[in-house]
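Inspection log for the structure reproduced underneath, given as structure tokens.
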Amino acid sequence: MSDLLCKLTNCYQGAINKLKLADGLAPLLLRLYLAPVMLQAGWNKYQNFDNIVSWFGDAEWGLGLPLPGLMAFFATAAELVGGLLLLFGLLTRLVSIPLIFTMLVAMVTVHWQHGWLAIADPNSWLANGTILFNESIMQSADKLARANDILTQHGHIDWLTSSGKFVILNNGIEFAATYFVMLLVLLFSGGGRYTSLDYWIKRKLCNN
């Protein structure tokens, strides 16, 4: 019995060792997923920079952050430069830090008050948690049903929904929290063996 367990353990370990040859694939996929998201977010901020500064600084209808111009610049630069570096796996651990901070600020200042869900779904158990509860989510089903009734009676509902059904945007922390976790993984794992410039630069420097 012990010999069988030993053979199974060795077989398992052999398979794990072979998988390690491709352990750079997971960081690569994370980077390829995150890079366009960050680049698009940064580009949107760059194109609407004055409005972003106003939104960051205004306490009545915006976030009420201190030094809004500086904060907007850092957020824009972090996403544009960070997204580009993530794409190539260059300075991956270093660039993950400001992006992690950006996601934390977004979660706390923009999304937290809306709970977890990005799209309102009153049937989700995530809408009913003590911390994650959001009353507007619970009311969203009636609002969506009423909107669909109005469009059915007075609009071209078939054409309007031909690209997908209507939903109510809840703007919860779901996406920002997901990006935060993915960036945290990259902070600890790096850009990936064989799949990042970080790996090849380090290999080149260490071999010389």
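The values are calculated or read from the model by the stated rules, or taken from the named source; none is laboratory data. All values derive from a computational prediction rather than experimental measurement. Neighbour counts run over all protein chains shown; Cβ positions are idealised from the backbone, glycine included. These accessible areas exclude ligands, DNA and RNA; they are computed on the full protein's heavy atoms, side chains included. Shrake-Rupley method; radii C 1.70, N 1.55, O 1.52, S 1.80 Å.
List of remarks:
- Accessible area of CYS206 (1.4 Å probe, protein heavy atoms only, ligands and nucleic acids ignored): about 90 Å².
- Taking each residue as 0.36 nm, the span from VAL110 to LEU94 lengthens on full extension beyond its C-alpha to C-alpha distance by 3.3 nm.
- Across the range 57-208, Cα pairs under 8 Å and at least six residues apart give a relative contact order of 31 percent.
- Normalised by 2.2 N^0.38 Å, where N is the number of residues, the C-alpha radius of gyration of the chain stands at 1.37.
- Highest-MSF residue in the chain out of THR178, THR152, THR92 [GNM, Cα springs under 10 Å]: THR152
- Rough spin-label spacing in nm, given labels placed 7 Å along Cα→Cβ, for LEU169 and ASP58: 1.6 nm
- Paramagnetic label zone (point 7 Å from Cα along Cα-to-C-beta, ILE150; backbone N under 17 Å) in the range 163-206: 166-169
- Ranked order, GLU174, GLU79, GLU135 - accessible area, probe 1.4 Å, largest first: GLU135, GLU174, GLU79
- Cβ-derived FRET efficiency at R0 25 Å, LYS143 paired with ASN123, nearest 0.05: 0.95
- Sorted largest first by accessible area at a 1.4 angstrom probe radius, with every protein chain in place, the residues TRP116, TRP159, TRP43 fall in the order TRP159, TRP43, TRP116.
- Selection from SER136, GLY115, VAL81, by position along the positive dipole direction of the range 1-136 (Cβ): VAL81
- Kirkwood hydrodynamic radius computed over the range 74-171 comes to 16.3 Å, based on all pairs of distinct alpha carbons.
- Taking every lysine pair in the chain that is 8 or more places apart or spans two chains, those with Cα atoms closer than 25 Å amount to 7.
- Across the options HIS154, LEU65, PRO27, the greatest Cα extent toward the positive end of the charge dipole of the chain (unit charges at beta carbon of Lys, Arg, Asp, Glu) belongs to PRO27.
- Charge tally in the Cβ shell below 14 Å around PHE180, where Lys, Arg are +1 and Asp, Glu are -1, PHE180 excluded: -2
- Assigned charges on the beta-carbon of Lys, Arg, Asp, Glu; the range 63-208 dipole about Cα centre (debye): 780 debye
- Taking the chain as a Gaussian network of alpha-carbon nodes connected by springs under 10 Å, the highest mean-square fluctuation of the residues ASN48, ASN170, ASN17 belongs to ASN17.
- Rolling a 1.4 Å probe across all protein chains gives LYS20 an accessible area of roughly 100 Å².
- Rounded to the nearest 10 square angstrom, ASP23 shows an accessible area of 80 square angstrom against a 1.4 Å probe.
- Separation of alpha-carbon centers, the range 96-120 and the range 24-49, rounded to whole Å: 16 Å
- Sites PHE188 and ASN10 - FRET efficiency at Förster radius 30 Å, r taken between beta-carbons, to 0.05: 0.55
- Gain on full stretching of the segment that runs from LYS18 to SER162 - 0.36 nm per residue minus C-alpha separation: 47.2 nm
- Ligands, DNA and RNA left out, the accessible area of the chain computed with a 1.4 Å probe is 67% carbon and sulfur.
- Average accessible surface for the range 75-167: 62 Å² per residue, computed with a 1.4 Å probe over protein heavy atoms with every protein chain in place.
- For ARG203, ARG193, the ranking by accessible surface with the largest value first comes to ARG203, ARG193, using a 1.4 Å probe.
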